[in-house]
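Shown next, in structure tokens, is the structure this report addresses.
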Amino acid sequence: SQLSVYVAAATYTLNWELIANQLSYGAAGPSSTPVQHFWSLAVQGQFFLLWPLVVVGLALALRVVARGRLVRLSLARVLFVLTAIAFALSFAYAVKVSGSDQAAAYFNSITRFWEIAAGALAALALRPRRNGQSSLPEKIKPYAAWTGLALVVTCGFVMDGADHFPGPLALWPVAGALLVMAGSTPSPRGPRRLLETRPLRFVADISYELYLWHWPLLIAWLYYTGGERLTVASAAVVLVVSTLLAWATNRLVTRQVQTYVIRPGGPRALVATLAALVVAVGAGWSGLTAIDHSEDRAIAAAARLATADPFTTECLGAAALAVRSAGSSCHNPDLRGELIPAVAAIGADDENRSQCWSFEERPV
């Protein structure tokens, strides 16, 4: 149900909810849930909640081993080895699942782990040495950063992530991001000056809020217009409105909440925190209400058609397509803007039922 989707989004389990409902991450449409993009936040949240516990547990285990005077092991080295093993297993599993069930692989936390583990491995491998020098030579850094930036930029133009990620082709953007971070240098030969320009820094500052806003606005527009995709003009409107809302959210909510959490900021920050919670709950309730109304209209339309006289009601079922293709002006206003059965009923429907199967041989 839509309620379970919103609960899963709030509890960082939406990716598993989408897998359970056998939903694929296709193109946006008026029937898409406005919180579907929270699946990636769920994967990140699960990692940020569980991985620190793994690191702390490993540190405690190494301390116990050191007390027994068996052997002294470096936490960084042991963590690197374990992360590398987890990376390899996750990558192999991602390749396997992507070949058999791409939709499930796309949302799966285990198949996605190698992408996050790649960053952890890079951080451990490229950490400054005891003498203060970087593991990557300074002469190579500018070229590595430009190469990585080119990989990140070109990826979106030539590849559909929903069809290929998190399989081997995901190495393309992941490697690009790692090269940009590893090649960070104040050298004028690198891309640092470009990346630190005011427009790009502005987008970077509001990137999290922009991610939160763009999808629900996109879905709301498609739902309101009934279209399947945006035009260039409507896409520009959604982008501009998303940017303005992201900027306002960053200034009025995010920064105030951070101030209140990290350093108590008084009533102003507390009000912003409470306002953020109210807006989040209100948005979720509005989405549920809109979906419920849509379902009610679809059910009412289905009831009218079910009780209608087939000899007086125009354009019923497949006959409507046949008549329309013949050039007739036949139309049924009861079906205008309605999708039957309702979109929410699709997830509850199951073709693997006894009523849908027959063991009788029938002539073709």
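Could you list all residues from the range 38-57 that are touching a Leu at 6+ places or on another chain (Cβ under 6 Å) and either without any contact (Cβ under 8 Å) to a residue 12 or more places away in the chain or not small (Gly, Ala, Ser) (or both)?
Answer for the range 38-57, where residues must be touching a Leu at 6+ places or on another chain (Cβ under 6 Å) and either without any contact (Cβ under 8 Å) to a residue 12 or more places away in the chain or not small (Gly, Ala, Ser) (or both): Phe38, Trp39.
Can you tell me how many residues in the range 197-219 are open to solvent by less than 60 Å² (accessible area, probe 1.4 Å) and more than 22 Å from the chain's Cα centre (by Cα)?
The qualifying residues number 1.
Of Ala61, Ala105, which residue is without any contact (Cβ under 8 Å) to a residue 24 or more places away in the chain and either part of a helix (DSSP H, G or I) or more than 17 Å from Trp39 (Cβ to Cβ) (or both)?
Ala61
Going through the range 98-123 one residue at a time, which ones are aromatic (Phe, Trp, Tyr) and farther than 13 Å from Glu17 by Cα?
Answer for the range 98-123, where residues must be aromatic (Phe, Trp, Tyr) and farther than 13 Å from Glu17 by Cα: Phe113, Trp114.
Looking at this structure, is Thr185 of a type in the set (S, T, N, Q), free of Cβ contacts under 8 Å to residues at least 60 places away in the same chain and open to solvent by less than 40 Å² (accessible area, probe 1.4 Å)?
yes
Looking at the range 192-212, I want the residues that are more than 11 Å from Thr249 (Cβ to Cβ) and have a partner that is outside any loop (DSSP other than H, G, I, E, B) with Cβ atoms under 7 Å, at least 6 apart or on another chain. Which pairs are those?
That search, which allows pairs on different chains as well, returns Asp205/Asn250.
In the set Leu222, Leu194, Leu245, Leu178, which member is out of contact with any Asp or Glu (no Cβ under 8 Å at 6 or more places or on another chain) and surrounded by 13 or more Cβ atoms within 10 Å (Cβ to Cβ)?
One residue alone meets the criteria, Leu178.
State yes or no: is Thr154 at pLDDT 90 or above, over 20 Å from Leu50 (Cβ atoms) and not basic (Lys, Arg)?
For Thr154, the condition - at pLDDT 90 or above, over 20 Å from Leu50 (Cβ atoms) and not basic (Lys, Arg) - is met.
Residues being more than 26 Å from Val257 (Cβ to Cβ) and in a loop (DSSP other than H, G, I, E, B): count how many of those fall in the range 197-237.
Number satisfying all stated conditions: 7.
Looking at the range 97-123, which of the residues that are under 11 Å from Gly167 (Cα atoms) and of a type in the set (Phe, Trp, Tyr) is surrounded by the most Cβ atoms within 10 Å (Cβ to Cβ)?
Within the range 97-123, the match that is surrounded by the most Cβ atoms within 10 Å (Cβ to Cβ) is Tyr106.
Could you look through the range 1-31, keep only residues that are of a type in the set (Ser, Thr, Tyr) and at pLDDT 70 or above, and pick out the one that is surrounded by the fewest Cβ atoms within 10 Å (Cβ to Cβ)?
Only one residue tops the list, namely Thr11.
In the range 159-170, is there at least one residue being open to solvent by 40 Å² or more (accessible area, probe 1.4 Å) and touching a Leu at 6+ places or on another chain (Cβ under 6 Å)?
The answer is no; no qualifying residue exists.
Of everything in the range 58-96, what is touching a helix residue (DSSP H, G or I) at 6+ places or on another chain (Cβ under 7 Å), at pLDDT below 90, closer than 30 Å to Ala170 by Cα and open to solvent by 60 Å² or more (accessible area, probe 1.4 Å)? Give them in sequence order.
Scanning the range 58-96 gives a single hit, Leu75.
The values are calculated or read from the model by the stated rules, or taken from the named source; none is laboratory data. Small disclaimer: the values here were computed from a predicted structure and weren't measured. Because the Cβ atoms are built from the backbone with ideal geometry, glycine has one as well, and the counts that use them run over all protein chains shown. When the accessible area is computed, the model is the full protein with side chains, heavy atoms only, and any ligands, DNA or RNA have been set aside. Shrake-Rupley method; radii C 1.70, N 1.55, O 1.52, S 1.80 Å.
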